[in-house]
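What follows is a single structure, written as structure tokens, with notes after it.
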Amino acid sequence: MIKNYFIFSVIILFFLIITSGCTNSSDKIATISVNSDSEYVNTFEDLHLGILYDFDFKLPNADKSWVNLWVERYIDGKKDSQPLTQLNYGNSPKEVEEGHLGFGMINPNSEDTLVFLYGPGVSSQPSIIEKDYKAEFLSSWDYAIGDEEVELEFGETTILAAYRESGSNLINTVDLQDEESVKRMIKKDDMVLLLKLKVEEKTANHD
């Protein structure tokens, strides 16, 4: 019980320090880059909480955009019918938004794994996922993009990161921007989590 209170206290602390800022408006729809040495990531590592994928996210036309962030799970090559966790937001009162965006896993090497998503000024409710943990499985986690800014297009789905578990003795490196490589990874590994992002132009359906 004490452990659970500590975990949720840490999560709440993270959400309190997630803030949004502003930059000059531009013609870009959105840009994103890896922030693997952020204070968020370092805190996660120092406290041995688990894995945190952190990104710098800029949305120059936030008042005209809708952001979809979600995690797909594949077990033995089969995709879950619903996202493992998801965060959808838009209709911002600000013209420009900028800040941290990412995905966290607390206690990934256990049956009681907590997951959560966050963006500039928003976050999802932390949830416990059903997971058949096997101590003999190897695990690997990787970013799918680099430190350089990636410019996003409306309606384009981008893989941001992946987490994998495998019962084999070796987990090969995969090009996460190559569709065929991703398909082979999903088929080969016992479990795959894909963090995905899509920015859409705001429509009446999002109002």
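The values are calculated or read from the model by the stated rules, or taken from the named source; none is laboratory data. This is a predicted model, so every value here is computed, not measured. Note: ideal-geometry Cβ built from the backbone for every residue, glycine included; neighbour counts use all protein chains shown. SASA here: full protein model, heavy atoms, side chains in, ligands and nucleic acids out. Shrake-Rupley method; radii C 1.70, N 1.55, O 1.52, S 1.80 Å.
On the given criteria, is residue 51 in contact (Cβ under 8 Å) with a residue 24 or more places away in the chain and surrounded by fewer than 18 Cβ atoms within 10 Å (Cβ to Cβ)? For residue 51, the condition - in contact (Cβ under 8 Å) with a residue 24 or more places away in the chain and surrounded by fewer than 18 Cβ atoms within 10 Å (Cβ to Cβ) - is not met. The residue pairs whose first member lies in the stretch 82-101 and is in contact (Cβ under 8 Å) with a residue 40 or more places away in the chain and closer than 22 Å to residue 113 by Cβ, whose second member is open to solvent by less than 50 Å² (accessible area, probe 1.4 Å) and basic (Lys, Arg), and whose beta carbons are closer than 7 Å, counting only pairs six or more residues apart or on different chains, are 84/73. List every residue pair whose Cβ atoms lie under 9 Å apart, where the two residues are 6 or more positions apart in sequence or sit on different chains, the first residue falls within the stretch 121-149 and is on the phi < 0 side of the Ramachandran plot and outside any loop (DSSP other than H, G, I, E, B), and the second residue, located anywhere, is at pLDDT 90 or above and open to solvent by 50 Å² or more (accessible area, probe 1.4 Å). Here the result reads 143/36, each pair linking the stretch 121-149 to a residue that is at pLDDT 90 or above and open to solvent by 50 Å² or more (accessible area, probe 1.4 Å).
Pick from 188, 131, 202: which is in contact with a Gly (Cβ under 9 Å, 6 or more places away or on another chain), under 18 Å from residue 75 (Cβ atoms) and at pLDDT below 95? Steps first, answer last, please.
Details: 131 fails: in contact with a Gly (Cβ under 9 Å, 6 or more places away or on another chain); 202 fails: under 18 Å from residue 75 (Cβ atoms).
Result: 188 is the single residue among 188, 131, 202 that is in contact with a Gly (Cβ under 9 Å, 6 or more places away or on another chain), under 18 Å from residue 75 (Cβ atoms) and at pLDDT below 95.
Out of curiosity, is residue 175 in a loop (DSSP other than H, G, I, E, B), open to solvent by 80 Å² or more (accessible area, probe 1.4 Å), modelled with pLDDT under 95 and touching a Ser or Thr at 6+ places or on another chain (Cβ under 6 Å)? The answer is yes for residue 175.
Filter the stretch 100-109 down to the residues that are more than 16 Å from residue 28 (Cβ to Cβ) and either of a type in the set (Lys, Arg) or open to solvent by less than 30 Å² (accessible area, probe 1.4 Å) (or both) and list them by number. Those that are more than 16 Å from residue 28 (Cβ to Cβ) and either of a type in the set (Lys, Arg) or open to solvent by less than 30 Å² (accessible area, probe 1.4 Å) (or both): 102, 103, 104, 105, 106, 108.
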